[in-house]
Protein chains: 2
Amino acid sequence: MTAQVLNGKKTRGSGVDIIQVAQCAGVSPATVSRVTNGRSTVAKHLAKKVWRAIEELGYTPNPQARALVSGRSRVLGLLVSEITNPFFPELMQNFEDVAGKHDFEVMVGSTNYNRERAKIFIRRLVQRRVEGVAVMTFRAESHFLDELIAENIPLVTIDVSADAARSLVLEVDYAQGIDEAVQHLALLGHRWIGFASGPMPHLTNVRRKDAFVRAAKRIGLAAEKAPVFVGDHTFEGGTQAALYFLGLKPRPTAIVCSNDMMAVGVLRVMAERGIQVPRDMSVIGFDDIHLAEFINPPLTTVRMSRQELAKAAFHGLQQLWTEKSPGSRNAIHVGTRLVVRQSTDSPREAAEALPRKPRVRKARMRPVLA
Amino acid sequence: MTAQVLNGKKTRGSGVDIIQVAQCAGVSPATVSRVTNGRSTVAKHLAKKVWRAIEELGYTPNPQARALVSGRSRVLGLLVSEITNPFFPELMQNFEDVAGKHDFEVMVGSTNYNRERAKIFIRRLVQRRVEGVAVMTFRAESHFLDELIAENIPLVTIDVSADAARSLVLEVDYAQGIDEAVQHLALLGHRWIGFASGPMPHLTNVRRKDAFVRAAKRIGLAAEKAPVFVGDHTFEGGTQAALYFLGLKPRPTAIVCSNDMMAVGVLRVMAERGIQVPRDMSVIGFDDIHLAEFINPPLTTVRMSRQELAKAAFHGLQQLWTEKSPGSRNAIHVGTRLVVRQSTDSPREAAEALPRKPRVRKARMRPVLA
DNA sequence: TTGTATGCGTTATCAC
DNA sequence: GTGATAACGCATACAA
């Protein structure tokens, strides 16, 4: 029963429109519009009166009318690959937060690695006239994006450029965190480290693996033949990787995983086999999903900041909006870093085998053979 | 370079409007509108021609224009309490899927138990003229909803009614699954079972706890003094609960938790103390979050179906839309059920103490004292 | 059954 | 700086 009828006219929703505000403030609708849009060409005292009227009437501009006349929907798209992967919800929230601060709404869609789902979602995006899309899918499934590209919608992707005029790529520095991970292990005394990779055609996984191989080489460990198992970034992939490494003749003393879910799978196998982590085997993940600190033992992992990623994605879109010529565009850099928890330690036989670098950060190095 | 200029007029976005379609099909705009809106009052052969024109020109109706003239935004709101709780992303996806099938977009917001966040999000909802909101927050924070109620926006809540004209409540049948859980434990031979509750003023937690107490009573176990620890539905709350139950004089042989995160906390404490689950302690969770099957050991838990919940929420809104008189409205029922995994087993001393029901489903009952 | 005309609430283009 | 006024793209009341 909140002033549903005003001026003999039914009011729906917020009910009050720009004309009523104008009347109440004693100005023209145009001036009200200028005020709500932050145009600086309005006299102070008039703006004041307009704001007062807005306050008094509880006026909120109608977004659909605005969008219609301005051609800008103030809606963004966010495409992720699987919402059940804890990495993404955090990313979504951070993206929505930045977007919201700039008065954008965001449509989120999870492909679940399903081509059809992606297509349907993208269709919805163009139908709703989104002003930009962040494709946070870590896959080069750019054929999904054809419709977006055809509509000339600004696009921000990860790792691999969309090959479109109005697009921009976020370059994740995998090497940074993976270097830290390998050095961390080397310092602990590990000399034979396995890498559980994600599915191989995907660029992001190639990069993670290459970063590992280079890091291992650089550290002087495992020469060029660091053992690599190609999994699929799932829990099951992790169990398979664990089984593979456990079967190796000289068994690795540590496993670095291409993502956290695989690390969780590895942990499960170790637990089932009675192999203590980290005493008998060190494990490192990648992503730092929420779960990483709740699993047993808490997972040492490489963190890729969701907040940084979200901000970079939004700013990338901003860049594309304000950009005149699609020329001088440079990729946006996103860092990674190691987070040490409790799934890494010195290997049991390490202390005497490697007496040369006894100094390890914390006092977590165990006494010999104890 | 996709037909950006048509008829000497710059086309933006999908570019083609209802008038062009009308011309192309040789009918009036009104007829095109009737066709796209599925009005049955259009002659078959004309509709055919219209569809052909739509196809040919790649026409998609402008949602903002539609919303403006019809007064219906085709946008819904979804409010959850914390996006990092794996329960919610699944719920979100399911809700978006149902909504999407009916041509609705959904704005999701996570309060993170932060009053200010909720307020801000709700303001955005009314500004965007959402047609309905699903409040899946499991809390009676109805003061958040005042603005929604004042705008007379259809509201679906969980457990506790919003006390608004156009609202409806989803009644989750906690007792159903919790009964199953307690009976499952009783069948395994447990007679002294602890309950780790969520924060107590909240109705949902009261209901879960009451369901447990009643189930325990009904089963004839633990008389009326089943031990209850009031935690806070977080991982830490779970560790505290575990410590509490471990300190009890006759130590419970099983712990039922009010949600999965607490169960995960319990599991962690058990692991740290070297207490084997399920051999030395059985643990049951509630929710069946994704993580439940990946934790060690996989968690026996009560599943509350996200899909069922999402569908119920949407159908609730539909009901509110089509409803004439806000009278004959009945709550929507949502069930729960036990999912048995590997965190439950017979207590060690059970077999001789309770010889009466030796038959347990799978062959998971251990030999006495082995 | 189909077409014509009006209006939805706002921004933008002009004059002033 | 400020105010009229014409779009924006569509649904719909009404006329035919």
Quiz item: Is segment A:98-109 home to any residue that is closer than 24 Å to B:ARG124 by Cβ, at the interface with another protein chain (Cβ under 10 Å from one of its Cβ atoms), among the acidic types (Asp, Glu) and in contact (Cβ under 8 Å) with a residue 60 or more places away in the chain?
Solution: no
Quiz item: Is at least one residue of segment A:81-93 among the charged types (D, E, K, R) and at the interface with chain B (Cβ under 10 Å from one of its Cβ atoms)?
Solution: yes
Self-check item: Lone unmet requirement of (1) under 24 Å from A:LEU291 (Cα atoms); (2) within 16 Å of DNA strand D (Cβ to nearest atom) for A:LEU68
Solution: (1)
Exercise. Output the number of the condition that A:VAL69 fails; it satisfies all remaining conditions of (1) at pLDDT 95 or above; (2) touching a helix residue (DSSP H, G or I) at 6+ places or on another chain (Cβ under 8 Å).
Key: (2)
Quiz item: Within segment B:54-65, can one find any residue that is under 30 Å from B:GLN20 (Cβ atoms) and among the acidic types (Asp, Glu)?
Solution: yes
Quiz item: For segment A:254-290, which residues satisfy the criterion of being buried (at least 24 other Cβ atoms within 10 Å of the Cβ) and facing chain B (nearest Cβ under 10 Å)?
Solution: A:MET261, A:VAL264, A:GLY265, A:LEU267, A:ILE289
Practice problem: Give the number of residues within segment B:23-60 that are within 11 Å of DNA strand D (Cβ to nearest atom) and either assigned by TED's automatic domain parsing to the domain that holds B:HIS102 or over 44 Å from the mean Cα position of the chain (by Cα) (or both). | Solution: 1
Exercise. Quick one: count up the residues across segment B:27-79 that are β-branched (Val, Ile, Thr) and more than 13 Å from DNA strand C (Cβ to nearest atom).
Key: 4
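The values are calculated or read from the model by the stated rules, or taken from the named source; none is laboratory data. The structure displayed is predicted, hence computed values, not measured ones. FYI the Cβ positions are ideal-geometry reconstructions off the backbone, even for glycines, and counts take in every protein chain you see.
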